[in-house]
4 protein chains.
Amino acid sequence: MPGYTMNKDQYQARLRRIEGQVRGLQRMVDEDTYCIDVLTQIASVTKALQGVGMGLLDEHIRHCVKDAAEATSGREEAAVDEFDAKVEEVMSAVSRMLRT
Amino acid sequence: MPGYTMNKDQYQARLRRIEGQVRGLQRMVDEDTYCIDVLTQIASVTKALQGVGMGLLDEHIRHCVKDAAEATSGREEAAVDEFDAKVEEVMSAVSRMLRT
Amino acid sequence: MPGYTMNKDQYQARLRRIEGQVRGLQRMVDEDTYCIDVLTQIASVTKALQGVGMGLLDEHIRHCVKDAAEATSGREEAAVDEFDAKVEEVMSAVSRMLRT
Amino acid sequence: MPGYTMNKDQYQARLRRIEGQVRGLQRMVDEDTYCIDVLTQIASVTKALQGVGMGLLDEHIRHCVKDAAEATSGREEAAVDEFDAKVEEVMSAVSRMLRT
């Protein structure tokens, strides 16, 4: 089970709201809304999306990364590598968020 | 007319694709997809959204800001202030994109 | 003359302060400061640097882009391309700021 | 000891190079370098700084967060809160990096 399972409903609600915001952007473009106002709304949707990403990352570290740390605690080399692989995944995810 | 008017259909198509991606995110959460894979997809949607924002900003400068520059060219103080107000709007928009 | 010429002293002062902050980061690492505190300071230096970037971009649009818009106003195709080249430069610069 | 202790020399070298880059920016401004070229260099310094931040974050999770996970493994509530506090610190640090 992924770390966000317990809060699935909350994430679904946030993503549905974001879907509505994207439809709102289509309406704005359709109605020839002033460029800067569309941009303000795009920044707001981007922020909402990154908020969901931050929430998922938080739960991922809190559960999956913690489990890996505990599972490899005091173990031999191979098991430690599993934890390192988890950290690398997390860092790549943060990297992708920073660069977009 | 906003600067993006001539490419309205292209922007609508991109926003519809983004709406589809957000629905895809809901499906991923629904199916308990691994956190990191959801995050990768969120980074991709964020990038697509910012791409739309960059496109709108490009056309805004190319049309609205240019018009303001020409309209105030060689004019008295008050008119120059109109151009300055346009630049301030643009800078605030870039600022909002950078901070999210 | 670049757009920032009139405020050169102000930019030099800000960059010297940033240089001092980077030396402060070296001291923090030297004194084994807690990782999170170093990260907080890195975020602060990054913000200061981007602030300088935003200032330069503001003056660039206010002067160089405006000049190009005025110079090409009502001119033939070739001259308009000069303005378009300026806008493309600006958009690439914003892009580089967003992606780092 | 912070997580980056073993690689302290490497971080010092990177920060000294960044300090040199900031001095290079001062020279560029002093010599009236074209705005866009200064901006390109600012984006490059920002990227280098964020690279140091990402490295520190990586080692922080690999060591401090791992230690907290192991220390609180199978413990009572209060100890678990210590791990949660570590995760909150990490998330705030990522947040600050994303927003700058």
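All of the numbers you see were taken from the coordinates with simple rules; none came from a lab. Owing to the predicted nature of the structure, the values given are computational and were not obtained by experimental measurement. As a convention, Cβ positions derive from the backbone with ideal geometry for all residues, glycine included, and neighbour counts pool all protein chains shown.
General remarks:
- Chain B: most fluctuating residue of B:VAL52, B:VAL87, B:VAL29 per GNM, C-alpha cutoff 10 Å: B:VAL29
- Evaluated over the Cα positions of the protein assembly as shown, the convex hull gives a direction-averaged projected area, one quarter of its surface, of 21.9 nm².
- Top of B:THR46, B:THR72, B:THR33 by mean-square fluctuation, Gaussian network on chain B, Cα under 10 Å: B:THR33
- Residue pairs exceeding 25 angstrom between C-alpha atoms, taken from B:LYS8/B:LYS47; A:LYS8/A:LYS47; B:LYS8/B:LYS66; B:LYS47/D:LYS8: B:LYS47/D:LYS8.
- Per-residue [θ]222 nm for chain C (sum of -39500 (n - 2.57) over DSSP H runs n ≥ 4, rounded to 500): -27000 deg cm²/dmol
- For chain A, built as a Gaussian network whose Cα springs stay under 10 Å, the top-fluctuating residue of A:GLY74, A:GLY20, A:GLY53: A:GLY74
- Relative contact order [Cα under 8 Å, 6+ residues apart], chain A, whole percent: 31
- Selection among D:TYR11, D:ALA85, D:LEU98 by position relative to the dipole of region D:3-99 gives D:TYR11 as farthest towards the positive end (Cβ unit charges, Cα centre).
- For B:MET91, the shell of other residues with beta-carbons less than 12 Å away shows a net charge of -2, using +1 for Lys and Arg and -1 for Asp and Glu.
- Between C:ARG16 and D:GLU82, the modelled labels are 4.7 nm apart [label points 7 Å from Cα along Cα→Cβ].
- Taking all Cα-Cα distances within region A:1-79, those exceeding 19 Å account for 55%.
- Ranking D:VAL52, D:GLN26, D:ALA71 by Cα position along the charge dipole of region D:3-99, where only Lys, Arg, Asp and Glu carry charges on their C-beta atoms, puts D:GLN26 farthest toward the positive end.
- Magnitude of the charge dipole for chain B, about its Cα centre and with charges confined to Cβ atoms of Lys, Arg (+1) and Asp, Glu (-1), is about 480 debye.
- Karplus (6.51, -1.76, 1.60) ³J(HN,Hα), θ = phi - 60°, over region D:42-48, in Hz, Gly and Pro reported as x: 4, 4, 5, 5, 4, 4, 4
- Cβ nearest the rotation axis (D onto A), residue from chain D and distance to the nearest whole Å: D:ALA69, 2
- All other residues whose Cβ lies under 12 angstrom from that of B:MET54 are scored, Lys and Arg at +1 and Asp and Glu at -1, for a net of +1.
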